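Remarks on the structure that follows.
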Amino acid sequence: MKIQMKTPLVEMDGDEMTRILWKQIKDILLEPYIDLKTEYYDLSLDERERTKDQVTIDAANANKRLGVAVKCATITPNAQRQKEYNLTQMWKSPNGTIRAILDGTVFRKPIMVKGITPCVRNWEKPITIARHAFGDVYRDSEIRVNQPGIAKLIFEAESGEQIVEEIARFTGPGVLQGQFNKDDSIESFSRSCFEFALSSHQDLWFSTKDTISKTYDHRFKDIFQNIYDREYKDKFESAGLEYFYTLIDDAVARIIRSKGGMIWACKNYDGDVMSDMVSTAFGSLAMMTSVLVSPEGNYEYEAAHGTVTRHYYKYLQGEETSTNPVATIFAWTGALKKRGELDHLDDLIAFANHLEQATLQTIEEGEMTGDLITLFHNPQVEAKKLNSRQFLEAIAKRLLVLQVTKA
């Protein structure tokens, strides 16, 4: 008998190779065991074009309504993609749109597996990146300047007051970018980080570039410090935990020299880049979990990597690919566990744990995708490269054993 669900997950399908893996994961690893209930949204670039990106907004609002979502990787189009897909415009990042609607914080953590040692030899524990999920460059406005002139930053208050700041004097062509953030979003970000640190019993580091951005970045620093002093200092000290702020330059140096095991809170773009650095140093971009936690208690799980375009083009040509699906599998298991937790479904939680165990066991016993072969080292185990489907089927064999043993 299949495991039953009470409340649907919001399922956000995606693009290219990850879309192919998405269906295979459901077919091979999920639907044989779960009566899978989802509210489906197609976030492929074709569908976003057809709906003028309304489908992304609908999916985000469904997440707010149902509480838990799982998302496949999606394309954020550039000029080349606009031409390739014949788009009417370069639609904004779906992740950026969803984060703007949900707010909150993205927590990204590498998936550690025996036999794969981090490139940074002293890293012994995972480093969790806490990425602010609102504003900054992901909600920016941009202008291409084609002639001489003056660029100004203007704020017109409802009271009628006007603030004007000159940005630059152009003597020729150039570009302009305007970005923003809001105190209430930064406050939510800080509280999410402090709460997550307490619940996971990890130190919290926070970094910006306030020496250069003396108003914008400094506002982040001040809000974090004020909330920490008022609401969390005693709790951190009682738990034996540390919170500190440092410049991002210093944070990078400290992280490299550390043993890991902390939460590193970053602004939106910093978190985007640093999570890629951390995941790669721990092994592979395809080995990192990612969950967006909103202030209202909504959760959106996804892989931290992109759509694996190069493999997709090979797939379209009929070539065999060895694409790593681990982060996408863990997106599903994270969502299933949270759904099970909220709906009090112990069997669903146990299944998700078994699937994660089977996935790691498959790699540790020497069966893996091509990106992990050169990283894997265990003198007692010979590594074998599998294509994507073979890898999923190898996981399925171990998952069946775990489920039968449990039964």
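What is the one condition in (1) surrounded by fewer than 20 Cβ atoms within 10 Å (Cβ to Cβ); (2) in contact (Cβ under 8 Å) with a residue 40 or more places away in the chain; (3) of a type in the set (Phe, Trp, Tyr) that residue 40 does not satisfy?
Every condition holds for residue 40 apart from (2).
Taking residue 221, is it surrounded by 14 or more Cβ atoms within 10 Å (Cβ to Cβ), farther than 19 Å from residue 273 by Cα and in the same structural domain as residue 131 (by TED's automatic domain parsing)?
In short, yes.
Have a look at 366, 334, 318, 370 and point out the one that is without any contact (Cβ under 8 Å) to a residue 12 or more places away in the chain and out of contact with any Leu (no Cβ under 8 Å at 6 or more places or on another chain).
Working: 366 fails: without any contact (Cβ under 8 Å) to a residue 12 or more places away in the chain; 334 fails: without any contact (Cβ under 8 Å) to a residue 12 or more places away in the chain; 370 fails: without any contact (Cβ under 8 Å) to a residue 12 or more places away in the chain.
Going through 366, 334, 318, 370 in turn, the sole match is 318.
Is it true that residue 88 is among the hydroxyl-bearing types (Ser, Thr, Tyr), at pLDDT below 95 and in contact with a helix residue (DSSP H, G or I) (Cβ under 9 Å, 6 or more places away or on another chain)? Give the derivation first.
Numbers: among the hydroxyl-bearing types (Ser, Thr, Tyr): yes; at pLDDT below 95: yes; in contact with a helix residue (DSSP H, G or I) (Cβ under 9 Å, 6 or more places away or on another chain): yes.
Taking the combined requirement at face value, the residue satisfies it.
Condition check ((1) hydroxyl-bearing (Ser, Thr, Tyr); (2) free of Cβ contacts under 8 Å to residues at least 40 places away in the same chain) across all residues:
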position: 88; (1), (2): yes, yes
position: 91; (1), (2): no, no
position: 105; (1), (2): yes, no
position: 112; (1), (2): no, no
position: 135; (1), (2): no, no
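Considering each of 390, 357 in turn, give the residue that is over 19 Å from residue 117 (Cβ atoms), touching a Leu at 6+ places or on another chain (Cβ under 7 Å) and of a type outside the set (Lys, Arg). Spell out the reasoning first.
Details: 390 fails: touching a Leu at 6+ places or on another chain (Cβ under 7 Å).
Result of the check over 390, 357: 357.
Of 328, 307, which residue is modelled with pLDDT under 90, of a type in the set (Ser, Thr, Tyr) and within 16 Å of the chain's Cα centre (by Cα)?
Details: 328 fails: modelled with pLDDT under 90.
The conditions single out 307.
Given the options 258, 238, name the one that is exposed (fewer than 14 other Cβ atoms within 10 Å of the Cβ) and among the hydroxyl-bearing types (Ser, Thr, Tyr). Give the derivation first.
Details: 258 fails: exposed (fewer than 14 other Cβ atoms within 10 Å of the Cβ).
Step by step, each of 258, 238 is checked, and only 238 is exposed (fewer than 14 other Cβ atoms within 10 Å of the Cβ) and among the hydroxyl-bearing types (Ser, Thr, Tyr).
The values are calculated or read from the model by the stated rules, or taken from the named source; none is laboratory data. What you see is a predicted model, and the numbers here were worked out from it, not measured in a lab. Cβ: placed from backbone, ideal geometry, glycine included. Neighbour counts: every protein chain shown.
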